[in-house]
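A quick write-up on the structure given underneath.
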Amino acid sequence: MNIKDFRFDGSKKFKIKNFDTKQEGSFKDRQEAESRREDHIMELQGLQDRLYAEGKEGVLIIFQAMDAAGKDGAVKYVMSGINPAGVSVHNFKVPSTEELAHDYLWRAMKVAPQRGMITIFNRSYYEDVLVVKVHSLHKKVSLPERVLKNDIFEDRYKQIKNYEKHLHENGFRVIKIFLNISKDEQKKQFLQRIDDPAKNWKFGDGDIVERGYWDNYMEAYEDAINATSTPECPWYVVPSDKKWFARAVIAEIIVSTLEEIDPKYPVVSEDRKKKLAEFRELLINEK
Ligand code: AMP
Ligand code: MG
């Protein structure tokens with residue numbers, strides 16, 4: 001599988017209409033993709049251990065998608081491979097009164113990764129150029145005229161790009177993943193959520209309402225992705241009608257980014273080696 005096919009770094013335009021959400025890559029079937037799971041977990045574990053030990057770079061993984069595209073499952077898949085001490089997950093919901101009293105990046109900045117850590121955002125500040133754009137929610141926030149007279153979303157694309165550049169220049173990688181599902185697949189997933197009592201809790205009244213704005217969301221995604229894809233902080237658009245395929249792609253994306261970082265265990269100095277040898281003697285000769 002070549003993840004470059006799904007990578008947008010600003011050099012080509014992302015056209016959502018031309019994107020096949022049903023792709024399965026070169027996998028023979030679901031079983032074959034799932035048999036890669038163990039390898040992914042081993043690779044992730046090794047790389048994360050070194051990232052944590054080195055403590056130089058941090059990684060921010062952003063998942064964005066329409067409802068029922070598999071964000072939660074993707075987060076679980078990634079988490080299953082890594083040491084919980086080195087990772088945190090944040091879900092971005094409708095902003096609280098306190099959050100709305102700040103600029104929209106505030107709540108994300110507060111929980112941005114530390115060096116050595118992997119932070120996962122389940123939704124993110126991109127909601128502020130997606131749901132907020134689709135429903136013009138910015139008009140409900142008390143913003144000054146001088147802000148509203150500009151194209152607020154064009155301004156936000158710029159601000160987001162600048163923020164991500166800032167992170168990159170300060171030693172953090174930003175991986176942005178859009179789980180792209182078709183409207184048909186969402187319908188199937190919604191029906192499952194309604195028919196399976198164990199999934200009823202996942203279905204909210206608002207989900208059907210948002211589905212009604214499908215085309216507006218697709219346009220907002222296309223615009224946001226094209227405006228914020230850069231070589232340093234690329235977007236990955238992952239075909240997600242087949243969740244098993246999406247998970248395999250996501251694992252490859254994360255592994256390849258960590259390999260690029262190539263974290264190393266700290267080198268032990270000669271002095272320290274001597275000291276360790278002394279401790280060793282003490283332990284061996286302990287009475
Ligand atoms: P879920 O992820 O399905 O639990 O739903 C979270 C909901 O919060 C989604 O409908 C998002 O669109 C919404 N949400 C997240 N961030 C924002 C935001 N900045 N403004 C308005 N709604 C948001
Ligand atoms: Mg939901």
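Miscellaneous remarks
- Charge dipole (Cα centre; +1 on Lys/Arg Cβ, -1 on Asp/Glu Cβ; no other charges) of the chain amounts to roughly 180 debye.
- Helix-only CD estimate at 222 nm, as mean residue ellipticity for the chain, using -39500 (n - 2.57) per DSSP H run (n ≥ 4): -14000 deg cm²/dmol
- Applying a length cut-off of 20 Å (Cα extent along the axis) and a mean Kyte-Doolittle floor of -1.0 to the DSSP H helices of the chain leaves 214-228, 243-261, 270-284.
- Longest to shortest principal axis, alpha-carbon extents of region 178-234, angstrom: 44, 22, 17
- Among the listed pairs Lys17/Lys56; Lys17/Lys202; Lys161/Lys199; Lys161/Lys183; Lys56/Lys158; Lys28/Lys165, those beyond 31 Å (Cα-Cα): Lys17/Lys56; Lys161/Lys199; Lys28/Lys165
- Cα-based Rg and Dmax for the chain, where Dmax is the largest Cα-Cα distance (Å): 21.5, 79
- Distance between the C-alpha centres of region 49-72 and region 84-125: 12 Å, rounded to the whole angstrom.
- For region 3-284: relative contact order, % (alpha-carbon pairs under 8 angstrom, 6 or more apart): 36
- DSSP beta bridges in region 3-284 [antiparallel fraction, %, rounded to 5]: 10
- Pairwise centroid distance, computed over Cα atoms, of region 150-166 with region 210-251, Å: 18
- With the convex hull of its Cα atoms as the shape, region 137-287 has an orientation-averaged projected area of 18.1 nm².
- Computed over region 128-210, the Cα gyration tensor eigenvalues convert (square root of 5λ each) into semi-axes of 33, 21, 11 Å, ordered from largest to smallest.
Here, each number is a calculation from the coordinates, and none is a lab measurement. The model shown is predicted, which means the values in this text are computed figures rather than measured ones. Here the Cβ is made from the backbone with ideal geometry for all residues, glycine too, and neighbour counts use every protein chain on show.
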